[in-house]
Amino acid sequence: MDRYGPNGIFRVDPKRIRTMHAGISKEFADGSDINETALELGKNPQLSLHIPPIKLVVVDLPLFTDERQDMANKGYAFRDHSRTKRKHQALLFTQDHRRLVAFRIAGIQINAQFVAQPNVYGNFTTGDLGMTLELRERVVGGGNNCTFPSGAKYYYHDGDDWKLTYLS
């Protein structure tokens, strides 16, 4: 993160990024479809240079949590951290889900940048730490049932440096 700062833009493999929402509309705000956008990006990867970067949030997740154990019991695979001295794992999340999915489908890297002041509360609705995402018809409104993991922190930039904080 220090390498790029809050405004630095860099390319990243979209498969390395998790989603904050449990589900999203399959249409962009302008009515275009995620699959159509992915097809165009696949045909002409240079189009990616004209798409705004996705915003990333780094979430510092405790390695040993009830949520993680519940997910492991449901069949999600995690690395074995039982012999590590680390107590936390930093994971990349985005709030720009449709662009992320289009780039995943196209199989090309996406422009990204870290968010200085992320809006996590109410936007974190995933039930599996962003490992899956439901595509659905356009829904206006909807509930925001925040599922931010207990004990997790996220990074923000205070103008001088990156800091870690709990969700308040």
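Where a number appears in this text, it was derived from the coordinates with a stated rule and is not lab data. Small disclaimer: the values here were computed from a predicted structure and weren't measured. Cβ: placed from backbone, ideal geometry, glycine included. Neighbour counts: every protein chain shown.
Taking amide H atoms as placed 1.01 Å from N in the peptide plane, the amide H of residue 125 lies under 5 Å from those of 21, 22, 147, each 5 or more residues away in sequence or on another chain. Identify the residues of region 21-51 with backbone N under 15 Å of a label point that sits 7 angstrom from the Cα of residue 9 along the Cα-to-Cβ direction, or state none. Zone members listed by number: 46-51.
I'd like the FRET efficiency for residue 134 and residue 161, computed as 1/(1 + (r/R0)^6) with the beta carbon distance as r and R0 of 45 Å, rounded to 0.05. Write out the running numbers ahead of the final one.
On the way: r = 37 Å, r/R0 = 0.82.
My answer for the efficiency is 0.75.
Extending 7 Å from the Cα toward the beta-carbon at both residue 89 and residue 22 defines two label points whose distance is 2.2 nm. Each residue of region 10-21 was assigned a 3J(HN,Hα) from its phi angle through the Karplus expression (A = 6.51, B = -1.76, C = 1.60, θ = phi - 60°), giving 9, 9, 8, 6, x, 6, 8, 10, 9, 9, 7, 8 Hz with x at Gly and Pro.
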